[in-house]
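Okay, structure first, notes after.
The values are calculated or read from the model by the stated rules, or taken from the named source; none is laboratory data. What you see is a predicted model; the values in this text were computed from it and never measured. Cβ sites come from the backbone with ideal geometry, for glycine too, and all protein chains shown count toward neighbours.
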Amino acid sequence: MSDLLGRLRRRGWRMTAQRRVVAEVLDGDHVHLTADEVLARATARLPEVSRATVYNTLGELVALGEVTEVSTDGRARRYDPNAHRPHHHLVCSGCGTIRDVHPVGDPLADLPASERFGFTVSGAEVVYRGLCPHCAPA
């Protein structure tokens, strides 16, 4: 599980019922939900949560650095609660499913100095693409 709820508690984040349900919906491994998916799951748990509250809460969590936005191939932005655990993403080219992956090696070390063009490189985002078992031809 991601430790999103624990991180928010340690920060002293004001935990209203509506904000809490948004954080609970996001908490977990391999969670990459769109804002509409967060809204649907949150309202299933707490019907009075509003679209504005969900969107505002997601924006605040991103601004705090507790959740990252993941965008692939022009699809809807997704929200990843594993903001403090280095990882890459494996994306299904068919259905858009996203999984967190932790390959060995350092992608920064794989970029030769001649390809850095004087940049001081501080990070790398690697996206692996393929077909998940449900989309792959039988």
Unique match (being surrounded by 12 or more Cβ atoms within 10 Å (Cβ to Cβ), on the phi > 0 side of the Ramachandran plot and not acidic (Asp, Glu)) among Gly74, Gly96, Gly118:
Gly96
Quick check on region 102-119. Is at least one of its residues among the hydroxyl-bearing types (Ser, Thr, Tyr), assigned to a loop (DSSP other than H, G, I, E, B) and more than 24 Å from Asp27 (Cα to Cα)?
no
Given (1) among the acidic types (Asp, Glu); (2) surrounded by 17 or more Cβ atoms within 10 Å (Cβ to Cβ); (3) farther than 19 Å from Ala124 by Cα, identify the lone condition not met by Glu66.
(3)
What are the pairs with Cβ atoms under 8 angstrom where one residue, in region 23-41, is on the phi > 0 side of the Ramachandran plot and the other, located anywhere, is surrounded by fewer than 19 Cβ atoms within 10 Å (Cβ to Cβ)? Sequence gap at least six, or different chains.
Gly28/Met1; His30/Arg99; His30/Asp100
Among the residues of region 117-133, are any free of Cβ contacts under 8 Å to residues at least 24 places away in the same chain, under 18 Å from the mean Cα position of the chain (by Cα) and under 24 Å from Pro81 (Cβ atoms)?
yes
Within region 43-82, restricting to residues that are assigned to a loop (DSSP other than H, G, I, E, B) and touching a Pro at 6+ places or on another chain (Cβ under 9 Å), the one that is nearest to Arg10 (Cα to Cα) is Glu66
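Here's the yes/no breakdown for (1) in contact with a Lys or Arg (Cβ under 7 Å, 6 or more places away or on another chain); (2) of a type in the set (A, V, I, L, M):
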{"position": "Asp3", "(1), (2)": "no, no"}
{"position": "Gly12", "(1), (2)": "no, no"}
{"position": "Val22", "(1), (2)": "no, yes"}
{"position": "Thr34", "(1), (2)": "yes, no"}
{"position": "Thr43", "(1), (2)": "no, no"}
{"position": "Pro47", "(1), (2)": "no, no"}
{"position": "Ser50", "(1), (2)": "no, no"}
{"position": "Tyr55", "(1), (2)": "no, no"}
{"position": "Leu61", "(1), (2)": "no, yes"}
Set Thr72, Thr57, Thr43: member being outside the structural domain of Ala124 (by TED's automatic domain parsing) and within 12 Å of the chain's Cα centre (by Cα)
Thr72
Among (1) surrounded by 12 or more Cβ atoms within 10 Å (Cβ to Cβ); (2) in a helix (DSSP H, G or I); (3) at pLDDT 95 or above, the one test that Arg9 misses:
(3)
Can you tell me which residue within region 16-42, out of those that are outside any helix (DSSP H, G or I) and at pLDDT 90 or above, is farthest from Arg77 (Cα to Cα)?
Thr16
